[in-house]
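Take a look at the structure set out below.
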Amino acid sequence: MTITARELAADVLHRSRSHDAFATELIDDAVTRSGISPQERRFLTQLVFGVIRRKGTLDALLRPFIKIPFHAVQTRVWDALHLGAYQLVFLTGVPKHAAVNETVELAEYVGSPKAKGFVNSVMRRVSELVTDDFTEKPDCNAIPFDLSPSPLAGEGLGVRGGASKDTPSPVSEAPTPSPARGEGKNKGRYRLIARHLLPTPSVDPSGYFTQAFSFPKWLSDIWHQRFGPEECLRLGFWFNATPPLWIRVNKLHCDRETYRLRLAANLIDVEPGEHPQSLRFLEHHPIRALPGYDDGDFAVQDHASMLVASALNVQPGMRVLDLCAAPGGKTTHIAELMDNRGMVTACDTDPRRLETVTTLAQRLRIKGIRTVAIPENGEPPAGPFDAALVDAPCSNTGVLGRRPEVRWRLKPSEFQYLVRLQTRLLFSAIDRVKSGGIIVYSTCSIEPDENEGVVKAVMQGMRSLKLEAEHHAIPGQPSDGGYWARLRKG
């Protein structure tokens, strides 16, 4: 029998628990092995990313109806319950009976046929809990739903055996821009449930955010202390929505407006971003089907990420060290900005990931990139270089929408290790840049200790360094969160 998107989703969730790979890679592998349709792939992706993002919320909704010890519920049955609850609460296009029945069948698929009665009972109670009413205010019976008044449809089918006339395409959080800072109070929609199961926002804003938006409590506490409740609500909606698709137009092939018109001729709507090579898609499209993909006319890259290579202010003919290069978005951007006339030494500790740098450069028809694999704690090439980029390993808290597993994998104890690593990498890059050269330090984190904290510590140790500029990218304004600082070596 043909495998369904729901069954594949259960398999991917099970495999993701080992932390061996991220969900995107596991989905790609599952699709390749199963041969499901593009429509089913969209539904599979929606289910997997939705469950991972909203696991904390789903647990809060399921707990009241599970009367046995939680540890007695098999992990794969938990996956089925999460998938069913996610469809009931967040996918308005899936009829309740379909979500319940398909979840019951999943129990058998995951190897627990005796749990079908248990799953049926829990799913029916959750089904009774969910209403069709929405509000614009957070409350102890209000589940954050999406950013827009009318979510986008067309995300795929998923009923066993194919489409059904009573099962329209499910819809989830709409991939719309986040409201601007300070304007997020009434911009999000909340779905009402029939019981008060969540903490009261006005009494325990961090507790509400933890359960309603599905974030670890320790991170919620840190953010509420730093940002306050209103900004946390905005961040919660942003990180739980489908991230927008941005591309970087390859300036070696064409300018942004020429490529925008080419997309318009194919009835694809985009809007330009602040960066002169950036375009934001108003709807998601298959990347490989876009005009000019095989010819290397563009690279997929978030707007905030594009700003990093530009901060280097490179010129043709320069020698540039990219100390943490994989998967190659910033590496190839540096080469583009040098008009293919220069040399980028792209380093990473994982030779397999370095292969992605080479593959991307070949597709974009970019020259002048030399890849160098560095062992853990090994030394980069000696140089000297005219400039260096340190896009350091970090907590990824600025890109939690794109990497949903991070919110559950990251531990508070890791920050001390990360800061030490980031500091070491920055010192290493500075040492290899000639006097008067530029070093850009960047992360996709929004945590001060990893950003300006590292830069200040390094500058205290090297008085000859000058901070020329720094930039904080705020999540949702208009894209991913992150940080960069440009330093000049004396």
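The values are calculated or read from the model by the stated rules, or taken from the named source; none is laboratory data. As the structure is a prediction and not an experimental result, all values here were calculated from the model. All Cβ positions, glycine included, derive from the backbone under ideal geometry; neighbour counts span all protein chains shown.
In the range 14-30, the residues that are aromatic (Phe, Trp, Tyr) form Cβ pairs under 8 Å with partners that are surrounded by 13 or more Cβ atoms within 10 Å (Cβ to Cβ), at six or more places apart or across chains, as follows: PHE22/SER16; PHE22/ARG403; PHE22/GLU405. If you go through the range 448-462 one residue at a time, how many are at pLDDT below 95 and surrounded by 21 or more Cβ atoms within 10 Å (Cβ to Cβ)? Here the count works out to 0. On the basis of being over 25 Å from SER310 (Cα atoms), among the aromatic types (Phe, Trp, Tyr), touching a residue at least 60 places away in the same chain (Cβ under 8 Å) and assigned to a helix (DSSP H, G or I), does TRP238 make the cut? Yes, satisfied.
Within the option set CYS324, CYS347, being within 23 Å of the chain's Cα centre (by Cα), modelled with pLDDT of 95 or more and under 26 Å from ASP431 (Cβ atoms) holds for one residue only, CYS324. Only one entry in ARG424, ARG402, ARG432 is over 30 Å from ASP295 (Cβ atoms) and touching a residue at least 60 places away in the same chain (Cβ under 8 Å), namely ARG432.
Considering only residues that are at pLDDT 90 or above and small (Gly, Ala, Ser), which ones fall in the range 1-34? Those that are at pLDDT 90 or above and small (Gly, Ala, Ser): ALA5, ALA9, ALA10, SER16, ALA23, ALA30, SER34. Hey, does the range 276-286 have a residue that's in contact (Cβ under 8 Å) with a residue 60 or more places away in the chain, over 20 Å from the mean Cα position of the chain (by Cα), in a loop (DSSP other than H, G, I, E, B) and surrounded by fewer than 22 Cβ atoms within 10 Å (Cβ to Cβ)? The answer is no; no qualifying residue exists. Do we have any residue at all in the range 37-44 that's crowded, with 24+ Cβ neighbours inside 10 Å and among the hydroxyl-bearing types (Ser, Thr, Tyr)? Checked the range 37-44: no residue is crowded, with 24+ Cβ neighbours inside 10 Å and among the hydroxyl-bearing types (Ser, Thr, Tyr). Summed over the range 287-305, residues that are under 23 Å from the mean Cα position of the chain (by Cα) and more than 23 Å from ARG41 (Cα to Cα) total 4. Restricting to the range 205-217, give me the number of residues that are within 20 Å of the chain's Cα centre (by Cα), farther than 12 Å from PHE237 by Cα, assigned to a helix (DSSP H, G or I) and touching a residue at least 40 places away in the same chain (Cβ under 8 Å). Number of matching residues: 2. In the range 330-447, counting only helices (runs of 4 or more DSSP H) that sit wholly within it, the ones holding 3 or more residues that are surrounded by 24 or more Cβ atoms within 10 Å (Cβ to Cβ) span 414-431. Scoring ASP255 on the criteria (1) in contact with a Lys or Arg (Cβ under 9 Å, 6 or more places away or on another chain); (2) under 25 Å from VAL344 (Cβ atoms) leaves a single failure, condition (1).
On the given criteria, is ALA98 in contact (Cβ under 8 Å) with a residue 60 or more places away in the chain, surrounded by fewer than 24 Cβ atoms within 10 Å (Cβ to Cβ), over 25 Å from the mean Cα position of the chain (by Cα) and at negative phi? For ALA98, the condition - in contact (Cβ under 8 Å) with a residue 60 or more places away in the chain, surrounded by fewer than 24 Cβ atoms within 10 Å (Cβ to Cβ), over 25 Å from the mean Cα position of the chain (by Cα) and at negative phi - is met. Scanning the range 287-310 for residues that are out of contact with any Leu (no Cβ under 8 Å at 6 or more places or on another chain), surrounded by fewer than 20 Cβ atoms within 10 Å (Cβ to Cβ) and assigned to a loop (DSSP other than H, G, I, E, B) returns GLY292, TYR293, ASP294, ASP295. Just one of the listed residues (ARG191, ARG262, ARG226) is outside the structural domain of LEU290 (by TED's automatic domain parsing), basic (Lys, Arg), modelled with pLDDT of 95 or more and assigned to a helix (DSSP H, G or I), and it is ARG226. When the criteria are applied in full, THR92 fails the requirement of being modelled with pLDDT of 95 or more and of a type in the set (Ser, Thr, Tyr). If we keep just the residues of the range 455-490 that are charged (D, E, K, R) and closer than 30 Å to PHE281 by Cβ, which is farthest from the chain's Cα centre (by Cα)? Checking each candidate, the answer is ARG486. Here is the figure for the range 25-36: residues that are surrounded by fewer than 21 Cβ atoms within 10 Å (Cβ to Cβ) and either touching a Gly at 6+ places or on another chain (Cβ under 7 Å) or of a type in the set (Gly, Ala, Ser) (or both) total 2.
In the range 117-142, the residues that are within 30 Å of PRO205 (Cβ to Cβ) reach residues that are β-branched (Val, Ile, Thr) and in a helix (DSSP H, G or I) with C-beta atoms within less than 7 angstrom, at least six apart or across chains, in these pairs: SER127/VAL100; VAL130/VAL89. Contact map, the range 450-462: residues that are in the same structural domain as ALA392 (by TED's automatic domain parsing) paired with residues that are of a type in the set (Asp, Glu), Cβ distance under 7 Å, separation 6+ or inter-chain. Pairs shown: GLU452/GLU470. The helices (runs of 4 or more DSSP H) found entirely in the range 28-147 that carry 3 or more residues being touching a Ser or Thr at 6+ places or on another chain (Cβ under 7 Å) are 38-53, 55-62, 75-90, 96-109. The set of residues in the range 115-140 that are among the hydrophobic types (A, V, I, L, M, F, W, C) and either loosely packed, with under 15 Cβ neighbours inside 10 Å or within 32 Å of the chain's Cα centre (by Cα) (or both) comprises VAL119, VAL122, MET123, VAL126, LEU129, VAL130, PHE134, CYS140.
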